[in-house]
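Below: one structure, written as structure tokens.
The values are calculated or read from the model by the stated rules, or taken from the named source; none is laboratory data. Since this is a predicted model, take the numbers as computed values, not measurements. Note: ideal-geometry Cβ built from the backbone for every residue, glycine included; neighbour counts use all protein chains shown. We work out accessible area using only protein heavy atoms, side chains counted, and drop any ligands, DNA or RNA first. Shrake-Rupley method; radii C 1.70, N 1.55, O 1.52, S 1.80 Å.
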Amino acid sequence: MQNLLYNISQVLGITIIHSLWQGLIVYIALRLFLTATPALSSAAKYRVSYFTLVSTLGWFVVTLFQQLNQYNWLSTTALQITSLTLPAVMQQVNAPANQLYFTIAQYMPYLTMAYVVGVVFNTLKLSLAWNSIYRIRKNITDGGFENTIKHLSTKLNVAQPVKAAFSEWVDVPCVTGFIKPIILLPVTLTTYLNTDEIEAILMHELAHVKRNDYLFNFIQQVVSILLFFNPFARLIANIINQERENCCDDAVVRVTGSPFYMPRHF
């Protein structure tokens, strides 16, 4: 059992190292693509960026299985050495390549341990965040936007019923829930925005509902947890977040014909 855990730590550790240069290649390819296609719509940029992040995780998983298949670092068979062959064997062990291997291999269990701790920690953070969202949904005040929501939903072709409510626990507008979405608005929203601006914000949040962003954002968060160690995965996630908001802003502009300032909440 101990040998099995050691082998797994070796495989996962080397996979994590490979994922760093893989993430760099994917991120550079994405940036070059976006730079070469400035006229691309926000929706297209979002899809390409999202696919890039998922591909980074896919490459990580493929590499993990490849390493599992190729792994033979720890032999389980007794080595038969005679006195005549011992000098040759020792010469191989002392070779620079083998010395480098032994130097790197001894740190793999620690790297794997750090990865597992990081995944568990980030999973707990996500669980606590979802628990907070659940409690916020239980403490909301009806915003009286039922007719406005129906009217705006018709404009955006949003068939799913959506509710809008005020919450003292949010600082910026946001959408929570996939099956029964609720638009949460800060209680101070009406003090510094007029009716048209509030409608633009509601329309922006309805665009998130129409695009199923709540679900796709959850998937993105899971991917980000598995790749939390990879800075290039974080950079790709930042691009996704930006383009997600741009997509909803574009939807508002297409319907209203005039852009409004909408607070960002991702």
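Couple of notes before you dig in:
- Of all residues in the stretch 28-58, those satisfying the criterion of being crowded, with 17+ Cβ neighbours inside 10 Å and within 17 Å of the chain's Cα centre (by Cα) are 30, 45, 46, 48, 49, 50, 52, 53, 56, 57.
- Candidates 159, 164, filtered to the one that is open to solvent by less than 20 Å² (accessible area, probe 1.4 Å) and either among the small types (Gly, Ala, Ser) or more than 26 Å from the chain's Cα centre (by Cα) (or both): 164
- Yes/no for residue 25 being under 21 Å from residue 228 (Cβ atoms), of a type outside the set (Gly, Ala, Ser) and open to solvent by less than 20 Å² (accessible area, probe 1.4 Å): no
- Cβ-Cβ distances below 7 Å connect the following pairs, each with a first residue in the stretch 225-244 that is part of a helix (DSSP H, G or I), a second residue that is hydrophobic (A, V, I, L, M, F, W, C) and open to solvent by 20 Å² or more (accessible area, probe 1.4 Å), and a separation of six or more residues or different chains: 225/119; 225/126; 226/57; 226/119; 232/24; 232/26; 241/266; 244/266.
- Looking across 196, 171, one residue alone is open to solvent by 30 Å² or more (accessible area, probe 1.4 Å), assigned to a loop (DSSP other than H, G, I, E, B) and over 30 Å from residue 51 (Cα atoms). It is 171.
- Taken over the stretch 200-213, residues that are open to solvent by 50 Å² or more (accessible area, probe 1.4 Å) and either of a type in the set (A, V, I, L, M) or part of a helix (DSSP H, G or I) (or both) amount to 1.
For (1) surrounded by 15 or more Cβ atoms within 10 Å (Cβ to Cβ); (2) within 29 Å of residue 60 (Cβ to Cβ), each residue gets a yes or a no:
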| residue | (1), (2) |
| --- | --- |
| 178 | yes, yes |
| 185 | yes, no |
| 217 | yes, yes |
| 222 | no, yes |
| 228 | yes, yes |
| 232 | yes, yes |
| 243 | yes, yes |
| 252 | yes, no |
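- Matching option when the condition is farther than 23 Å from residue 226 by Cα and either surrounded by 16 or more Cβ atoms within 10 Å (Cβ to Cβ) or in contact with a helix residue (DSSP H, G or I) (Cβ under 9 Å, 6 or more places away or on another chain) (or both), among 189, 111: 189
- Residue 214 vs. criteria among the hydroxyl-bearing types (Ser, Thr, Tyr) and under 22 Å from the mean Cα position of the chain (by Cα): yes
- Test: residue in the stretch 10-18 that is over 18 Å from residue 230 (Cα atoms) and not in a helix (DSSP H, G or I): no
- Cβ-Cβ under 7 Å pairs, at least 6 apart or on other chains, the stretch 1-21 side more than 16 Å from residue 116 (Cβ to Cβ), far side open to solvent by less than 80 Å² (accessible area, probe 1.4 Å) and at pLDDT below 90: 3/74
- Failed item, numbered, when residue 6 is tested on (1) modelled with pLDDT of 95 or more; (2) out of contact with any Ser or Thr (no Cβ under 6 Å at 6 or more places or on another chain): (1)
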